[in-house]
Amino acid sequence: QVQLVESGGGLVQAGGSLRLSCAASGSIFRINAMGWYRQTPGKQRELVAHITSGGSTVYADSVKGRFTISRDNAENTAYLQMNSLKPEDTAVYYCNAWLTSRATVTPADYWGQGTQVIVSS
């Protein structure tokens, strides 16, 4: 059993900052990559940022220069530092991990339950 637990969401004024955390736990053999996605009502879930086990990162154009993804491989934890937040960043943010559990031989996608971020203007 693998779990991803997010924390750090909340309400912030435009221009402010928040830091999201995602801790993966359970029967994990290897985490290949972790990422953050977000979703607003009526829209598809979209990639915000992604980081590989080697530290390579990818960002959505809309967050480049404002958000930073990082991870602690020893703790199986990923972070998303969000600065200069805008009202359009308001969404439910989901943690994702592409990992191999000890029960399987092939990697699979795992998702957290989501954490709400609200940016007021």
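General remarks:
- In this simple spin-label model, placing a label point 7 Å from the Cα along the Cα-to-Cβ direction at both Phe29 and Gln44 gives a separation of 3.1 nm.
- With a Förster radius of 41 Å applied to the beta-carbon distance between Ala14 and Ala108, the computed FRET efficiency rounds to 0.65.
- Part-to-part distance (alpha-carbon centres) for the stretch 87-121 and the stretch 40-73, which is given in Å: 10
- Shown is the FRET efficiency for Gln1 and Ser70, computed with R0 = 22 Å from the Cβ-Cβ distance and rounded to the nearest 0.05: 0.30.
Read the figures in this text as sums done on the coordinates, not as results from a lab. All values derive from a computational prediction rather than experimental measurement. Neighbour counts are summed over all protein chains in view; Cβ atoms, including those assigned to glycine, are modelled from backbone coordinates with ideal geometry.
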